[in-house]
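J.: One structure, as structure tokens, below. Some questions next.
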Amino acid sequence: MMLRRGFILFLPRLVGLLVVACCLVSIVYMLACTPKGDNQQLVLPRVHNPTVKEGYEAILQEREEQHRNYIISLKKQIAQLKAELQGRSVQLKNVQDQYPGPLDIRLDHSNPGKVQANLLAFLRSQIDKAEVHSGIKLSTEYAAVPFESFTLQKVYQLETGLTRHPEEKPVRKDKRDELIEVIELAVGSLNNPEGNSNVKHRVYTASDFIEGIYRTEKDKGTLYELTFKGDTKHQFKKIVLFRPFGPVMKVKNEDVNMADTLINVIVPLAKRASKFRQFMQNFREMGIQQDGRIHLTVVYFGKEQMNEVRAILENTSKSANFKNFTFIQLNEEFSRGKGLDIGARFWKGNNVVLFFCDVDIYFTAEFLNSCRLNTQPGKKVFYPVLFSQYNPSIIYGHHDSIPSLEQQLIIKKETGFWRDFGFGMTCQYRSDFINIGGFDLDIKGWGGEDVHLYRKYLHSNLIVIRTPVRGLFHLWHEKQCLDELTPEQYKMCMQSKAMNEGSHGQLGMLVFKQEIETHLRRQKLSDKKT
């Protein structure tokens with residue numbers, strides 16, 4: 001009974017405490033939840049106001065309404081953003097489905113069907129990008145991609161180089177197979193026309209093929225247009241084919257450290273001391289000072305000028321503090337192949353990159369790195385195409401003086417040509433050279449041994465890297481055509497000499513020199529009369 005009476009007396013106090021607690025919570029809530037930017041100040045009713053409860057309820061209702069409206073506004077904005085994002089996603093997916101990128105094709109291996117569909121769509125898009133259905137605006141006449149034409153037997157090409165002809169049978173197997181495949185596909189298309197299969201058609205064969213033209217856009221594909229005989233003399237059948245190029249695929253990503261990769265430069269030599277002095281100037285600057293990871297092996301034939309050559313080598317050794325050289329002397333007739341073979345086999349250290357070189361060669365430090373990067377034991381050998389210099393007296397004959405050697409080494413049509421018929425300058429690991437069998441030592445003098453070694457590598461499983469390089473030059477020197485040559489050999493020797501003397505235009509200026517001088521004299525006389 002006493003407990004009940006105590007509880008009744010304590011109840012009003014408990015209600016009062018709860019009211020005060022509710023008021024404090026309401027104040028904290030209003031202060032914490034007031035939206036930013038709302039400048040209205042919270043007007044608290046006085047504590048002693050008899051309508052405290054009604055005032056707080058009104059304030060709470062007002063704030064609750066404000067927050068409800070604010071939340072509704074945010075929800076609307078979020079819904080709008082979601083709708084816009086969904087629309088953009090649909091547009092992007094449509095574009096990707098129509099023109100899938102290489103990454104889509106390469107990465108999504110979980111769905112082979114999708115990969116195949118994307119690849120097919122990509123290849124079809126290549127036709128739209130290429131100049132097949134309509135022309136493309138070009139900035140200059142040099143930007144046009146020319147066609148080349150072909151028949152069943154011949155290819156007629158613009159970019160001939162020195163070892164190819166304006167008209168030739170396709171020598172390379174890939175080119176032959178390409179054109180044969182295109183002709184067979186065109187014949188098959190003619191014999192299986194689209195439409196009514198019940199209508200009888202003549203049977204076409206490759207003998208009905210008249211000619212075709214083709215051109216390649218490197219980033220899109222190859223376009224072929226083939227013409228066949230029609231049903232009558234003045235009727236023809238034309239087939240247009242396109243071989244689209246697929247997307248670029250990553251094959252390898254690796255770090256290559258060449259800090260400890262030594263190059264052994266092997267030079268066979270007989271006489272030619274002045275040329276050797278010029279070669280050593282280049283070797284010292286590029287090989288010793290700039291590169292520093294190099295060894296020189298000189299294989300000298302005979303004794304004439306040998307002391308002078310040895311002195312040049314020793315002077316360079318002392319002045320440049322260079323000890324990585326070997327001098328081998330042979331008392332026999334000069335043989336380039338034998339000299340290189342002996343120099344390669346003389347090396348007793350670890351596996352090393354061999355660079356077969358001549359004294360009339362100029363190389364840069366960048367080329368030495370190319371030599372390292374394009375060789376790999378048991379995998380790759382490097383056959384660079386060097387730039388061959390024309391006769392400086394012809395190139396700079398109209399100048400007051402001939403520039404220095406370094407200033408002459410410019411890769412231009414007027415200064416030289418890519419020596420794509422030469423295979424003497426090459427880089428390979430010693431192990432590959434030994435395993436392939438080295439040079440044919442039965443070949444005497446100059447020429448022949450380099451082609452024989454090159455063919456050995458082509459017939460092996462090694463990858464042969466053949467490419468023009470900007471840091472390797474063949475310096476011009478006068479070519480001697482000996483009297484003991486046969487008339488046919490002498491004629492070929494003179495043709496080779498003319499090719500090394502100057503460009504077509506420069507030699508033409510020499511041929512018509514008298515006519516040009518006569519014209520200039522007439523011009524001077526005409527100017528004096530006026």
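The values are calculated or read from the model by the stated rules, or taken from the named source; none is laboratory data. Predicted model only: the values in this text are computed from it and were never measured. Methodologically, a virtual Cβ is constructed for each residue, glycine included, from the backbone with ideal geometry; neighbour enumeration extends over all protein chains shown. Note: accessible area is taken over every heavy atom of the protein model, side chains too, but ligands, DNA and RNA are not part of it. Shrake-Rupley method; radii C 1.70, N 1.55, O 1.52, S 1.80 Å.
J.: Heavy atoms only, 1.4 Å probe, whole protein assembly: order ASP231, ASP420 by accessible area, highest first.
T.: ASP231, ASP420
J.: Any idea of PHE417's accessible area? Nearest 10 Å², probe 1.4 Å.
T.: Ignoring ligands and nucleic acids, PHE417 comes out at about 20 Å².
J.: With a ≥ b ≥ c the root eigenvalues of the C-alpha gyration tensor of segment 263-508, is it rounded (a/c under 1.5), prolate (a/b larger than b/c) or oblate?
T.: Rounded, since a/c falls under 1.5.
J.: Accessible area of ARG345, 1.4 Å probe, to the nearest 10 Å²?
T.: 90
J.: Which of the trypsin sites (Lys or Arg not before Pro) found in segment 258-311 are loop residues per DSSP with 12 or fewer other Cβ atoms within 10 Å of their Cβ?
T.: Sites meeting the loop and neighbour criteria: LYS303.
J.: Would you please give the residues with an amide H less than 5 Å from that of GLN329, counting only those at least 5 places away or on a separate chain, with H modeled from the backbone geometry?
T.: Under 5 Å from the amide H of GLN329: TYR300.
J.: Next question. Out of the total accessible area of segment 293-400 (probe 1.4 Å, heavy atoms of protein only), what percent is carbon and sulfur?
T.: For segment 293-400, the apolar C and S fraction of the accessible surface comes to 45 percent.
J.: Further question on the same structure: Using a cut-off of 16 Å between alpha-carbon atoms, which lysines can reach LYS229, once sequence neighbours fewer than 8 places away in the same chain are excluded?
T.: LYS237, LYS238
J.: Note down the magnitude of the dipole of segment 263-508 about its Cα centre, charges +1 on Lys and Arg C-beta and -1 on Asp and Glu C-beta and zero elsewhere, to the nearest 20 debye.
T.: Rounded to the nearest 20 debye, it is 780 debye.
J.: Taking all protein chains together and a probe of 1.4 Å, list LEU119, LEU458 from the most accessible to the least accessible.
T.: In descending accessible area the options line up as LEU458, LEU119.
J.: Once phi is turned into ³J(HN,Hα) by the Karplus curve 6.51 cos²θ - 1.76 cosθ + 1.60 with θ = phi - 60°, what whole-Hz value does each residue of segment 245-257 show in order, with x for glycine and proline?
T.: In residue order, the calculated couplings are 8, x, x, 5, 10, 6, 9, 8, 9, 9, 8, 10, 9 Hz.
J.: If you don't mind, there's one more thing I want to ask. Under the Karplus relation 6.51 cos²θ - 1.76 cosθ + 1.60, θ = phi - 60°, what is the ordered set of whole-Hz ³J(HN,Hα) values for segment 433-439, x standing for Gly and Pro?
T.: Here the 3J(HN,Hα) series is 5, 5, 5, 7, x, x, 7 Hz.
J.: How much net charge surrounds ILE213 when only other residues with a Cβ under 9 Å from its Cβ are counted (Lys, Arg +1; Asp, Glu -1)?
T.: -2
J.: Sorting GLU225, GLU478, GLU333, GLU285 by accessible area (1.4 Å probe), largest first, what list results?
T.: Order by accessible area, largest first: GLU333, GLU478, GLU285, GLU225.
J.: Accessible surface of LEU485 in the full protein assembly, 1.4 angstrom probe, to the nearest 10 Å²?
T.: For LEU485, solvent-accessible area is about 60 Å².
J.: Still on this model: Among all the lysines, which ones have a C-alpha under 29 Å from LYS479's C-alpha, if same-chain residues fewer than 8 places away are not counted?
T.: LYS271, LYS275, LYS303, LYS338, LYS412, LYS413, LYS444, LYS456, LYS491, LYS497, LYS513
J.: Loop-only check: which trypsin sites (Lys or Arg not before Pro) in segment 420-477 are DSSP coil with at most 15 other Cβ within 10 angstrom?
T.: LYS444
J.: Under the Karplus relation 6.51 cos²θ - 1.76 cosθ + 1.60, θ = phi - 60°, what is the ordered set of whole-Hz ³J(HN,Hα) values for segment 64-75, x standing for Gly and Pro?
T.: Once rounded to whole Hz, the list reads 4, 5, 4, 5, 4, 5, 5, 5, 4, 4, 4, 4.
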